[in-house]
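Below: one structure, written as structure tokens.
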Amino acid sequence: MKKSIMWEHIYEEADRLKELLASRQVADLLNAYDSRKLTRIIFVSSGSSLNITTIAKRFYEELAHIEVNTYTPFDFAGNATILTQYDREMTLIAAISQTGTSSGTIDAIHHAKKLGFNVLTLTETRNTPVEQLGDYYLNFLSGSEPCNAKTKGVCNSLTLLMLLAIEIGKVKGVLGDERYQAYIDEIAASIEDIPATIEAAKQWLENHQDWGKVQHFYVLGNGTNYGTAEEATLKMMETMCIPATVCELGEFSHGVHRTIGPNSNIITIVTEEYGHEIMKKTNGFLAETVGRLLVIDATSEPFTDDNVIHVAHRPLTASCLNLNVALQVLATALPEYNGIDPNQPMHEELTRLVGTRI
Ligand SMILES: O=P(O)(O)OC[C@H]1O[C@](O)(CO)[C@@H](O)[C@@H]1O
């Protein structure tokens, strides 16, 4: 079977990210848009473009003192009457769509404009409705990604959101020069980590091809990487075409734990953020209880075991970039072990029926 085009996108990630980091587009945006009074960002997006906002949330709150609200387009347009109460000058709506063609996101932009908000749009694809409807624009700079499950676009858009938070933090004076540089340096170092992450995940998979046969899996994460767990769940569901469950670590023992047993397959994401001790105990319990456990470990003292993939410890960003890369490798490789193209068409008639894209 021909290797999926997703591999090409994954191997491009480090170069596309370096271009993004070198770009001046965020600085140019902040010259055109005065972010000094900004106290609230409302993200509106779907799928991976939504999951990156959950990951990026804490960078805005911590580094720029901006409250973050994350909405799906439907919820934003139809279930958010509180929007009318928000100060238009202190609030920015940021609509994200890789393709720039998701109809829900387009409707949400129209709604935001009707309410009188400033709208920043972010896309991978230029000359699309999402690009053109906003007041301000940022491109992912990831290059074209003509497949269903996005990889390089996720890495670039996630990094773009982190860079935007860091630059706004600097403009607002929340982030001093030293901390600003430390974040930029950590992102640069994380980009250099990517080839090793890809290799570590591929090597682990060589001996664990049986994961390709699973019919359901869980992903557990917390803190910054709860969003990564959501993204991994979506990515692997999209490529493997099987159901999955995502759970925030603290919530796992509030009911979800009752569903697991020897037939369960669980991926956990381990960092040193709040909840680390509980994650350790949970992993110990899972190792005894479930059929398959995979631990993606980004701590400073990673545990070495047959069920562990190591990702470099990057404490300021909780290694979020490389954790996503490792999980993208899984999502691409596992269907291929069964001779299935991770990008195979599936129920396209539904997206046409409900008008997912324009
Ligand atoms: O970012 P977009 O183009 O609005 O699409 C949202 C989501 O839709 C999908 O393409 C699948 O429908 C996802 O891969 C993507 O994350």
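The values are calculated or read from the model by the stated rules, or taken from the named source; none is laboratory data. Quick caveat: nothing in here was measured; it's all calculated off a predicted structure. Glycine gets a Cβ as well: all are built from the backbone with ideal geometry, and neighbour counts include every protein chain shown. Calculation scope for accessible area: heavy atoms of the full protein, side chains included, ligands and nucleic acids excluded. Shrake-Rupley method; radii C 1.70, N 1.55, O 1.52, S 1.80 Å.
At-a-glance table
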read-out: 222 nm mean residue ellipticity, helices alone, for the chain (DSSP H n ≥ 4; -39,500 (n - 2.57); rounded to 500); value: -15500 deg cm²/dmol
read-out: Beta bridges per DSSP with both ends in the chain, % antiparallel, nearest 5; value: 5
read-out: Sparse-neighbour loop sites [trypsin sites (Lys or Arg not before Pro); segment 102-208; at most 14 other C-beta within 10 Å; DSSP]; value: 126
read-out: Eligible aspartates and glutamates near residue 57 by straight Cα distance, threshold 19 Å, same-chain separation 8 or greater; value: 67, 75, 167, 186, 230, 231, 248, 272, 273
read-out: Amide proton proximity set for residue 118, modelled H, under 5 Å, gap of 5+; value: 93
read-out: Mean Cβ count within 10 Å, highest first, over the residues of peptides 303-314, 218-229, 187-198; value: 218-229, 187-198, 303-314
read-out: Helix 177-206 axis, angle to the chain major axis (alpha carbon atoms, nearest 10°); value: 30
read-out: For segment 195-337, accessible area per residue (1.4 Å probe, heavy atoms of protein chains only), Å²; value: 41
read-out: Sequence-distant residues sharing a close amide H with residue 245 (under 5 Å, placed H); value: 217, 218, 219
read-out: Label-point separation in nm, residue 180 to residue 209, each point 7 Å along Cα→Cβ; value: 5.1
read-out: Tilt relative to the chain, helix 103-114 - C-alpha long axis, 0 to 90 degrees, to 10; value: 30
read-out: Candidate lysines - alpha carbon under 30 Å from residue 2, same-chain residues fewer than 8 apart omitted; value: 18, 150, 152, 202, 213, 235
read-out: Portion, in percent, of the accessible area of the chain that falls on carbon or sulfur, probe 1.4 Å; value: 51
read-out: Positive-end residue of 256, 293, 190, charge dipole of the chain with Cβ unit charges; value: 256
